[in-house]
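K.L.:
Take a look at this one; I'll ask things after.
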Amino acid sequence: MPRLKIEDLQKIKEQHRAEFTLREGGYRAKVTVHMGTCGIAAGARAVMTALMDEMAKAKSTDIIVTTSGCAGLCAKEPLATVELMNQPPVRYCDLNEEKMREIFREHVLGGAPVEKYALVVGSETTY
Amino acid sequence: MEKFRANLMLCAGTGCVASGTMKVKDALQEELKKKGLADEIKIVLTGCNGYCAEGPVMSVYPDEVFYQKLTVEEIPKLVEEHFLKGRPYEKLMFREPEKKTAIPLMKEIPFFKHQVLRVLRNKGLIDPEKIEEYISRDGYQAAARALTAMTPEEIIKTVKDSGVRGRGGAGFPTGLKWEFASKVKSDVKYMLCNGDEGDPGAFMDRSVMEADPHSVIEGMIIGAKAIGAHNGYIYVRAEYPLAVKRLQMAIDQATEMGLLGKNILDTGFDFELGIYLGAGAFVCGEETALMRSIEGKRGMPRPRPPFPAVKGLWDKPSVLNNVETLAQIAPIILNGSDWYRSLGTEKSAGTKVFALTGAVNNVGLVEVPMGIPLRRIIYDIGGGIRKGRTFKAVQLGGPSGGCIPEHLLDTPVTYEDIVATGAIVGSGGMVVMDDNTCMVGTARFFLEFTADESCGKCTPCRVGTKILLDMLTDITEGNGKEGDIETLQDLAKDILTTSLCGLGQTAPNPVLTTIKYFRDEYESHIHDKWCKAGVCRNLTTFVIDEELCKGCGACLRACPSKAIIGEKKQPHKIIQEVCVHCRTCYEACKFKSIKIMPAGYDAGSPEKAEEVKTGAPEGGTAKGEA
């Protein structure tokens with residue numbers, strides 16, 4: 001390990017920002033891959049791997065990825081939901097690796113929902 | 001750099017390691033690999049999370065789900081449910097002791113919710129063995145500022161204005177200590193850290209050293225600059241192997257990266273830091289004794305003045321600060337003294353870490369703003385008294401401290417208010433005792449410790465603590481005499497006023513506070529030969545109240561010496577000749593039908609049976625078990 005100069009402290013902090021975004025909160029975007037039994041059977045696993053790959057390539061520090069169970073629409077699995085800060089969630093359906101990559105680039109990074117793959121905007125009413 | 005979607009912060013503090021963290025870690029690793037998640041989910045071993053009672057514990061980020069009591073067997077299910085399918089695994093989640101529902105979020109768990117973390121700011125959030133993780137949480141930024149942009153006077157002023165006081169027990173203002181040493185002219189000075197945590201039941205410093213060793217090192221660098229020291233030692237007891245290992249690792253990493261040693265961060269400032277292992281003598285927590293110990297001599301205190309700020313280690317000006325004190329220095333430098341003062345009271349600023357143990361539901365490490373009432377720590381954070389029993393006393397400050405009774409539970413935790421009760425804040429050991437505790441026995445326990453640990457240099461401490469101990473032993477064994485209480489008080493005052501160091505000056509505190517608040521227990525031990533808590537074997541007779549007894553047989557089965565007889569659904573009886581006074585039956589009875597009576601009590605006659613019911617033998621003043 002090289003000897004540090006003062007400005008290196010900040011650099012190290014930047015390098016680890018992504019990890020601490022996970023632990024401390026304060027992320028800009030959250031992508032949920034629905035990984036119920038139906039989702040996994042339909043290929044959610046590969047979708048997740050593709051997503052993680054894009055995340056690594058983008059060197060993003062303010063996006064988190066999480067999994068959740070069956071979204072209730074098993075026929076249209078794999079499903080994923082993209083939530084940007086202060087915007088309603090967008091749910092995508094019938095995903096594959098390529099579609100996931102495209103959604104990541106266009107919506108998560110670019111901020112523009114990919115209408116052609118989108119299923120719904122918003123979430124169910126809960127009481 | 002690889003990218004992870006979740007971090008599993010698995011506690012690897014001493015407590016959790018003892019309850020199986022390493023096995024759980026292996027199982028987790030294997031299971032994640034099996035499910036193809038190893039590249040997505042990272043396991044991070046952290047220092048003590050504080051919630052030791054429920055270990056091994058793990059926090060999952062970004063979900064903020066808290067798991068407890070992890071076992072190897074449950075790991076496959078946990079990984080599949082939560083990490084693959086995204087459904088938090090309820091079975092291993094936190095449950096409030098009195099309730100059945102699982103609480104998933106860390107910030108909703110009362111134990112964590114009421115705490116404010118400053119000293120423990122990185123606990124469970126970083127891997128203590130990786131310096132980069134400490135730096136990522138603004139680590140060494142304060143040292144950089146102190147070395148480049150601040151004069152020693154400015155550092156001292158900031159620390160003085162913050163009002164931070166020594167967390168080792170005495171509560172001496174840290175800034176003032178630094179100022180004294182900085183004003184002494186000498187080419188060699190020493191910056192020292194006291195990690196010789198010796199109070200039974202206290203583990204704050206160990207946890208800080210294990211969970212966040214760099215915070216201590218950074219505090220020392222800042223202190224060294226303030227007083228003009230270029231050498232330092234961390235004095236740790238050898239019984240803290242994990243703390244020693246992590247500190248050494250931290251020192252090595254910091255040295256390699258130019259954060260210790262020559263020309264730190266290219267600022268021209270030098271500071272060499274080493275670890276000195278103590279052999280675990282309690283007296284070596286006293287500053288002058290600690291310095292003798294580092295010099296290689298027998299750890300014994302010497303009279304002050306001269307104070308260590310003038311003549312300390314190897315007769316050079318030295319500053320010794322406690323681990324917890326040093327861990328707060330960096331945030332004070334970064335955020336300023338007003339920020340520090342935003343919590344706590346005028347004279348006791350900031351936060352204090354307590355090691356909460358004993359008869360509370362949530363045993364562990366807690367950090368709270370100073371000035372909050374004891375009751376909130378014990379009931380809101382500690383979750384109240386275990387097994388629905390009632391609170392009797394809380395012991396603060398270890399063997400140097402005292403016992404605080406129920407009616408003083410609203411006392412705010414500040415240095416002054418706690419001293420007014422007769423106890424001390426001390427290093428932060430907080431032992432909660434329930435109604436099963438004999439207070440004379442408690443005082444005896446602490447005196448046994450101090451009498452054993454007295455270094456023997458001064459007579460009042462060496463002989464005085466032994467006499468106190470012998471008298472307390474006599475009382476608990478049934479040989480107490482009229483006038484013993486007065487003699488104890490008299491002798492205690494002599495020891496307090498004439499001992500050389502803090503050990504002797506505080507050793508009688510447990511005796512004085514228990515006499516002050518629980519004098520009736522001493523009296524019933526001496527006059528009635530009756531230990532109402534049923535702890536002192538020579539001073540109890542266990543009898544069954546035949547009206548309350550349902551004949552369930554629970555006591556009969558529990559009794560190790562077969563001293564209980566009786567038919568099912570018929571009142572049982574204890575054969576006194578066989579009874580060994582172990583109180584197992586008392587614990588086993590669900591109907592409170594077992595009563596604790598004085599020594600030699602004969603429950604044979606009908607009148608006596610009536611007494612058993614009311615729990616008041618003739619001449620006795622008390623109302624049944626205490």
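The values are calculated or read from the model by the stated rules, or taken from the named source; none is laboratory data. Keep in mind that what you see is a predicted model, and the values were worked out from it rather than measured. Positions of Cβ are backbone-derived with ideal geometry, glycine not excepted, and every protein chain shown enters the neighbour counts.
K.L.:
Just to check your reading of the model, which residue among B:61, B:89 is buried (at least 20 other Cβ atoms within 10 Å of the Cβ), closer than 29 Å to residue B:354 by Cβ and within 13 Å of chain A (Cβ to nearest Cβ)?
P.N.:
Exactly one of B:61, B:89 is buried (at least 20 other Cβ atoms within 10 Å of the Cβ), closer than 29 Å to residue B:354 by Cβ and within 13 Å of chain A (Cβ to nearest Cβ), namely B:61.
K.L.:
Restricting to the range A:57-72, give me the number of residues that are surrounded by fewer than 15 Cβ atoms within 10 Å (Cβ to Cβ) and either touching a Cys at 6+ places or on another chain (Cβ under 7 Å) or closer than 19 Å to residue B:8 by Cα (or both).
P.N.:
1
K.L.:
Could you tell me whether any residue of the range B:166-184 is within 14 Å of chain A (Cβ to nearest Cβ) and under 30 Å from residue B:343 (Cβ atoms)?
P.N.:
No, because not a single residue in the range B:166-184 is within 14 Å of chain A (Cβ to nearest Cβ) and under 30 Å from residue B:343 (Cβ atoms).
K.L.:
Given the conditions (1) closer than 21 Å to residue B:86 by Cα; (2) surrounded by fewer than 22 Cβ atoms within 10 Å (Cβ to Cβ); (3) within 27 Å of the chain's Cα centre (by Cα), report the number of the one that residue B:42 does not fulfil.
P.N.:
Unmet condition: (3).
K.L.:
Next up: Name the residue, out of B:229, B:224, that is among the aliphatic types (A, V, I, L, M), over 16 Å from residue B:324 (Cα atoms) and assigned to a loop (DSSP other than H, G, I, E, B).
P.N.:
None of the other options fit; the residue is B:229.
K.L.:
Please determine, by comparing only the residues of the range A:19-39 that are more than 7 Å from every other protein chain (Cβ to nearest Cβ) and surrounded by 21 or more Cβ atoms within 10 Å (Cβ to Cβ), which one is modelled with the lowest pLDDT.
P.N.:
Applying the filter and picking the extreme gives A:39.
K.L.:
Filter the range B:17-41 down to the residues that are in contact with a strand residue (DSSP E or B) (Cβ under 8 Å, 6 or more places away or on another chain) and either over 18 Å from residue B:60 (Cβ atoms) or in a helix (DSSP H, G or I) (or both) and list them by number.
P.N.:
B:21, B:24, B:25, B:28, B:29, B:32
K.L.:
Next question, about the same structure. For residues that are charged (D, E, K, R) and either out of contact with any helix residue (DSSP H, G or I) (no Cβ under 7 Å at 6 or more places or on another chain) or touching a residue at least 60 places away in the same chain (Cβ under 8 Å) (or both), tally how many sit in the range A:71-104.
P.N.:
Counting residues in the range A:71-104 that are charged (D, E, K, R) and either out of contact with any helix residue (DSSP H, G or I) (no Cβ under 7 Å at 6 or more places or on another chain) or touching a residue at least 60 places away in the same chain (Cβ under 8 Å) (or both) gives 5.
K.L.:
Within the range A:57-70, can you find the residues that are within 20 Å of residue A:84 (Cβ to Cβ), at the interface with chain B (Cβ under 8 Å from one of its Cβ atoms) and either more than 11 Å from the chain's Cα centre (by Cα) or touching a residue at least 60 places away in the same chain (Cβ under 8 Å) (or both)?
P.N.:
A:59, A:68 - these are the residues of the range A:57-70 that are within 20 Å of residue A:84 (Cβ to Cβ), at the interface with chain B (Cβ under 8 Å from one of its Cβ atoms) and either more than 11 Å from the chain's Cα centre (by Cα) or touching a residue at least 60 places away in the same chain (Cβ under 8 Å) (or both).
K.L.:
Okay, moving on. Only one of these conditions is not met by residue B:566: (1) over 30 Å from residue B:450 (Cα atoms); (2) surrounded by fewer than 17 Cβ atoms within 10 Å (Cβ to Cβ). Which number is it?
P.N.:
Against the list (1) over 30 Å from residue B:450 (Cα atoms); (2) surrounded by fewer than 17 Cβ atoms within 10 Å (Cβ to Cβ), residue B:566 comes up short only on (2).
K.L.:
Anything in the range B:64-86 that is within 12 Å of chain A (Cβ to nearest Cβ) and within 32 Å of the chain's Cα centre (by Cα)? List them, or say none.
P.N.:
Matches in the range B:64-86: B:64, B:65.
K.L.:
Please go through the range B:12-44 and pick out each residue that is within 14 Å of chain A (Cβ to nearest Cβ) and hydrophobic (A, V, I, L, M, F, W, C).
P.N.:
B:32, B:37, B:38, B:41, B:43, B:44
K.L.:
Related question: Return yes or no: is residue A:10 within 9 Å of chain B (Cβ to nearest Cβ) and either within 15 Å of residue B:61 (Cα to Cα) or modelled with pLDDT under 90 (or both)?
P.N.:
Here the answer is no, as residue A:10 does not meet what is asked.
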